[in-house]
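Student: Please see the structure below; I have some questions.
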Amino acid sequence: MSMLRVQDLGVSIANIYPLSGVSFELERGEIIGIVGESGSGKSLTAMSVMGLLPLIGGQVDHGTIEFDGIELTSISENQYRKLRGGRIGLITQNPMTSLDPLKKIGPQVDDVSRLHLDHDKAQAKARTIELLGDLRIPEPASIYHLYPHQMSGGMKQRIVIAMALAADPDLLIADEPTTALDVTVQAQIIRLLGDLVKQRNLSLVLITHDMSVVAQTCDKVMVMYAGTAIERGGVHDIFNSPSHPYTKALIGCIPHGLSETVRLKGIEGTVPGVAQYPSGCRFHPRCALAEDICKETVPVFETAGSRAAACHFALGTAQ
Amino acid sequence: MTTLLEVGNLSKKFISGGGPFRPVRSMHAVNDVSFSVSVGRVVGVVGESGCGKSTLARLILRLIEPTSGSVQFEDLDLLAQKPKPMRALRARMQMVFQDPYSAIDPRYTIRDAVTEPFDIQGHRYTAKEEDTKTAELLDMVGLSEHLASSYPHQLSGGQKQRVGIARALALNPALLVLDEPTASLDVSVQAQIISLLERLRDELNLTYIFISHDLSLVKYFCDEVLVMYLGRVVEVLPDTEAAARHPYTRTLLDSTFDPDPGLRRTIEPLAGEVPSPFDLPPGCAFAARCPSATGKCSTDLPVLSSDGGHPVACHHPL
């Protein structure tokens with residue numbers, strides 16, 4: 001059974017529909033990368049799985065989210081509260097704002113295991129200190145007593161990771177965990193997440209806009225554009241032979257390792273906002289291969305083995 | 001090649017504290033930086049946050065006054081200029097800022113924004129001439145002239161950054177200082193902006209100083225690269241193919257991921273983080289994190305020595 005299985009997820013906020021057509025599956029011990037530019041719906045996907053849509057006045061409009069056999073779209077808020085922070089951990093983008101500035105970091109981590117694992121004060125503290133050590137934080141027993149403002153960004157992100165891990169989750173969702181960090185610290189955090197998945201046999205949903213991070217860490221990839229998934233597949237397939245023209249173009253935007261003769265290609269135009277999603281394929285106004293059918297008909301996912309792309313000209317002509 | 005800009009031993013020290021309960025502390029944001037830029041070159045400045053990249057940019061344009069050192073621009077001593085000639089000189093050197101969302105006055109139309117430099121320099125144009133100028137500038141950066149009457153909030157981030165560039169180009173500058181011009185943009189838009197900058201450099205014979213924390217972007221875009229760590233230049237890569245000689249540069253390069261799942265490698269991340277820029281150790285600032293550090297590194301400050309045209313400030317270069 002899959003650890004997480006999302007099928008045809010759609011989200012509505014009042015009467016707008018910012019997310020639709022998102023499907024993916026994640027096994028135990030796997031890392032899936034969800035990539036796309038800003039406004040593509042990556043974070044909405046994460047919020048849907050975490051059941052946090054009511055916070056922004058939204059709800060799951062259609063589709064299913066199955067976590068380890070539990071259908072998340074139909075459970076009560078009380079049941080959700082037990083899962084959230086318990087069996088499903090969340091690592092947020094900005095470590096500077098995800099910790100309580102008025103509270104020492106140790107007790108903040110303690111709260112998680114006290115709530116979800118019924119630890120008493122002493123047990124929780126011992127567990128937190130052990131966890132901080134596991135995350136390669138030097139001198140965890142003294143770090144325990146620091147306030148967030150006394151720590152660097154990378155260290156704070158480790159504390160946020162410790163909070164996500166404190167209740168021994170099965171699934172971790174990391175929403176742009178390294179975007180606010182410097183490259184050397186990013187390398188540390190990404191390495192740490194990869195090691196944790198192996199050691200604890202976790203499943204990880206890694207949300208990022210950085211294709212290089214995906215290439216280095218993920219087993220599979222889902223590419224999103226303008227509120228919908230457009231391609232998914234194994235990481236090697238996606239990078240070596242992308243099927244969707246957008247995926248191909250996105251890889252073409254990475255400046256890494258290009259020579260004097262190969263120049264950087266951008267993608268004309270910008271990602272449309274929710275109110276201006278184009279008809280048919282949402283990428284057609286920016287796509288070099290677009291023809292009339294792309295303007296009129298929404299492409300459906302064509303599956304070929306473990307990979308799938310939603311494009312009228314995918315898997316063949318696009319290559 | 002003619003030298004456009006010559007920076008000599010430039011330093012900037014900021015003082016903080018000094019209240020009744022706080023001792024005075026000083027930090028060297030930029031420390032003894034020297035380099036020169038020839039016409040038509042793209043010089044990259046890389047480093048992690050807090051290394052002094054942006055302070056260096058502001059010092060070069062004399063937006064802040066240095067504590068010591070010299071800046072020669074087109075053979076003029078910039079720091080000796082009186083306010084009036086300095087303002088005239090600013091037409092030749094312009095800056096493109098990191099955050100296009102806050103760089104343009106929200107109450108200005110795009111036309112106001114790109115013609116503001118003319119007003120500041122005292123050029124008086126008729127409305128018609130201003131229209132033509134606006135259309136020319138917008139066209140130069142690939143924007144439609146219909147946007148002239150729009151306000152910044154009606155534009156996307158990429159379009160705003162193009163306006164930022166158009167504004168910087170209004171007075172025909174020789175030098176553009178680009179302070180992380182793509183850091184807040186999506187990759188597809190980043191690529192558009194970089195191609196635009198490449199085209200403009202060729203068309204207008206511009207010289208760029210390109211500040212970034214993205215080493216792969218800098219390697220792609222620049223002719224030579226200054227690597228900064230805690231206010232000092234630790235290495236100058238004379239071309240982007242040059243192998244790193246400073247352990248810090250090596251680490252930075254190792255920390256950038258390859259966008260190819262076939263080239264996966266185990267990254268041995270650098271231990272620790274950038275130390276506080278206050279009260280730096282007497283030796284090499286990188287010594288505490290450096291894998292090849294010896295006793296000498298923590299006592300003697302390495303100087304930027306140039307042998308074989310590849311300057312590096314390290315006692316044990318790779």
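Each reported figure results from applying straightforward, stated rules to the coordinates on display, with no laboratory input. On a predicted model such as this, the values are computed, not experimentally measured, just so you know. Please note: Cβ atoms are built from the backbone with ideal geometry, for glycine as well, and neighbour counts cover all protein chains shown.
Student: Relative to the present Cα-Cα distance, how much length would full extension add between A:Y147 and A:D120 at 0.36 nm per residue of separation?
Tutor: On the way: separation 27, 0.36 × 27 = 9.72 nm, distance 2.20 nm.
Value of the extension gain: 7.5 nm.
Student: Whole number please: convex hull volume per residue of the Cα set in chain B, in Å³? Numbers along the way, then the final one.
Tutor: On the way: hull volume 54.0 nm³, N = 318.
Normalising the Cα hull of chain B by residue number yields 170 Å³.
Student: Now for a separate question. Rounded to the nearest 500, what is chain A's calculated 222 nm mean residue ellipticity when only DSSP H runs of at least 4 contribute -39500 (n - 2.57) each, over all residues?
Tutor: On the way: 11 runs with 103 residues, N = 319.
So the calculated ellipticity at 222 nm is -9500 deg cm²/dmol.
Student: May I pose another question? Modelling each spin label as a point 7 Å along the Cα-to-Cβ direction, I'd like the A:A275/A:Q199 distance in nm, to one decimal.
Tutor: 4.9 nm
Student: Sticking with this structure for a sec: How high is the relative contact order of chain B, in percent, counting Cα pairs under 8 Å that sit 6 or more residues apart? Could the numbers behind the result be given before it?
Tutor: Numbers: 561 pairs, mean separation 64.2, N = 318.
Value for chain B: 20 percent.
Student: Sticking with this one: What FRET efficiency, computed as 1/(1 + (r/R0)^6) with R0 = 30 Å and r the Cβ-Cβ distance, is obtained for B:V24 and B:T3, rounded to the nearest 0.05?
Tutor: Computed FRET efficiency for B:V24 and B:T3: 0.20.
Student: What residues qualify as long-range amide H neighbours of A:E231, i.e. H under 5 Å apart, gap of 5 or more or another chain, H built at 1.01 Å from N?
Tutor: A:V223, A:A310
Student: What net charge is computed for the residues neighbouring B:H28, neighbours being all others with C-beta under 13 Å from the C-beta of B:H28, Lys and Arg scored +1, Asp and Glu -1?
Tutor: So the surrounding residues net to +2.
Student: While we're on this one: Would you mind computing, in nm to one decimal, how far apart the modelled labels at B:Q81 and A:Q59 are, each placed 7 Å from Cα along Cα→Cβ?
Tutor: 6.3 nm
Student: Same structure, new question: Using alpha carbon centroids, what distance separates the range A:139-214 and the range B:179-212, in Å?
Tutor: Comparing the Cα centres of the range A:139-214 and the range B:179-212, I get a distance of 32 Å.
Student: Now for a separate question. Can you check what the net charge comes to around B:D179, using other residues whose Cβ is under 10 Å from the Cβ of B:D179 (Lys, Arg +1; Asp, Glu -1)? Walk me through the intermediate numbers first.
Tutor: Numbers: positive: B:K53, B:R58; negative: B:D99, B:E180.
That works out to 0.
Student: Peptide A:262-273: average number of partner chain Cβ atoms within 10 Å per residue?
Tutor: That works out to 5 on average.
Student: Whole Å is fine, so just give me how far the alpha carbon centre of the range B:28-84 lies from that of the range B:91-145.
Tutor: 25 Å
Student: Something else: Only bridges whose two residues both fall in chain A count here: according to DSSP, what percent of them are antiparallel, nearest 5?
Tutor: If we restrict to bridges inside chain A, about 55 percent are antiparallel.
Student: Summarise the partner chain shielding of B:247-260 as one whole number: the mean count of Cβ atoms from other chains within 10 Å of each residue's Cβ. Mind showing how you got there, number by number?
Tutor: Values: counts 0, 1, 0, 0, 3, 4, 1, 3, 9, 7, 14, 6, 15, 12.
So the per-residue partner count for this stretch is 5.
Student: Further, regarding this structure: Grab the DSSP H runs of chain B that are 4 residues or longer, score each as -39,500 (n - 2.57), total them, divide by all residues and round the 222 nm result to the nearest 500 deg cm²/dmol. Spell out each step's value before the answer.
Tutor: Details: 9 runs with 92 residues, N = 318.
The per-residue figure over chain B is -8500 deg cm²/dmol.
Student: Suppose R0 equals 25 Å; then what is the FRET efficiency for B:S36 and B:S195 from their Cβ-Cβ distance, rounded to the nearest 0.05? List each step's numbers first, then the result.
Tutor: Numbers: r = 27 Å, r/R0 = 1.10.
E(calc), rounded to 0.05, equals 0.35.
Student: Given springs between every Cα pair under 10 Å in a Gaussian network model of chain A, which of A:R158, A:R232, A:R263 has the largest fluctuation?
Tutor: A:R263
Student: With unit charges on the beta carbon (Lys/Arg positive, Asp/Glu negative), name the residue among A:P148, A:Q108, A:L135 whose Cα is farthest towards the positive pole of the charge dipole of the range A:98-166.
Tutor: Result: A:P148, furthest along the dipole toward the positive end.
Student: How many angstrom lie between the Cα centre of the range A:258-301 and the Cα centre of the range B:270-318?
Tutor: That distance is 48 Å.
Student: Find the all-direction average of the projected area of the Cα convex hull for the range B:193-268, expressing the result in square nanometres with one decimal place.
Tutor: Details: hull surface 25.4 nm².
Its average projected convex-hull area is 6.4 nm².
Student: Also, quick follow-up: Among B:16-29, B:129-142, A:49-62, how do they line up from the highest to the lowest mean number of other beta-carbon atoms within 10 Å?
Tutor: Details: B:16-29: 11.8, B:129-142: 17.6, A:49-62: 15.9.
With the highest mean Cβ count within 10 Å placed first, the list reads B:129-142, A:49-62, B:16-29.
Student: For the range B:69-183, what is the Kirkwood hydrodynamic radius in Å, using each pair of distinct C-alpha atoms? Write out the running numbers ahead of the final one.
Tutor: Values: mean 1/r = 0.0672 Å⁻¹.
Kirkwood hydrodynamic radius for the range B:69-183: 14.9 Å.
Student: How high is the relative contact order of chain A, in percent, with contacts defined as C-alpha pairs under 8 Å that are six or more residues apart? The partial results should precede the final answer.
Tutor: On the way: 598 pairs, mean separation 66.5, N = 319.
Relative CO of chain A lands at 21 percent.
Student: Using θ = phi - 60° and the Karplus relation 6.51 cos²θ - 1.76 cosθ + 1.60, list the HN-Hα couplings for the range A:128-135 in order, rounded to whole Hz, with x at every Gly or Pro.
Tutor: Working through the residues one at a time gives 4, 5, 5, 5, 4, x, 4, 8 Hz.
Student: Averaged over A:211-217, how many beta carbons belonging to a partner chain fall within 10 Å of each residue's beta carbon?
Tutor: Working: counts 4, 6, 2, 3, 8, 10, 3.
Rounded to a whole number, the mean comes out at 5.
Student: Enter the angle in degrees (range 0 to 90, nearest 10) between the Cα long axis of helix B:127-140 and the first principal axis of the Cα atoms of chain B, meaning the one along which they spread out most.
Tutor: So the inclination is approximately 40 degrees.
Student: Mind pulling the angle between the C-alpha long axis of helix A:105-116 and the longest principal axis of chain A? Nearest 10 degrees, somewhere in 0 to 90.
Tutor: Helix A:105-116 and the main axis of chain A meet at about 80 degrees.
Student: What is the ratio of the Cα radius of gyration of the range A:98-166 to 2.2 N^0.38 Å, where N is its residue count, to two decimals? Intermediate values should be presented prior to the final figure.
Tutor: Values: Rg = 10.7 Å, N = 69, 2.2 N^0.38 = 11.0 Å.
My calculation over the Cα atoms of the range A:98-166 gives 0.97.
Student: Say each of A:E77 and B:D131 gets a label point 7 Å from the Cα, pointing the same way as Cα to Cβ; how far apart are those two points in nm?
Tutor: 5.8 nm
Student: Taking the Cα centre of the protein assembly as shown as origin and charging only Cβ (+1 Lys, Arg; -1 Asp, Glu), how large is the dipole, in debye to the nearest 20?
Tutor: 1380 debye
Student: While we're here: Over 26 Å, how big is the tail of the calculated P(r) for chain A, in percent of all Cα pairs?
Tutor: Details: 24673 of 50721 pairs.
I get 49 percent for the Cα pairs in chain A exceeding 26 Å.
Student: Report the dimensions of the range A:203-253 along its three principal axes from the alpha-carbon atoms, largest first, rounded to Å.
Tutor: Computed over the range A:203-253, the largest-to-smallest principal extents equal 28, 24, 18 Å.
Student: If you don't mind, another one. Is the shape of the protein assembly as shown best called rounded, prolate or oblate, per the rule: a/c under 1.5 gives rounded, else a/b larger than b/c gives prolate, else oblate, with a ≥ b ≥ c the square roots of the Cα gyration tensor eigenvalues? Could you put the intermediate results ahead of the total?
Tutor: Details: a/c = 1.81, a/b = 1.22, b/c = 1.48.
Oblate shape, in that a/c is at least 1.5 and b/c is the bigger or equal ratio.
Student: Now for a different question. Of B:V39, B:V187, B:V218, which has the largest mean-square fluctuation in a 10 Å C-alpha GNM of chain B?
Tutor: B:V187
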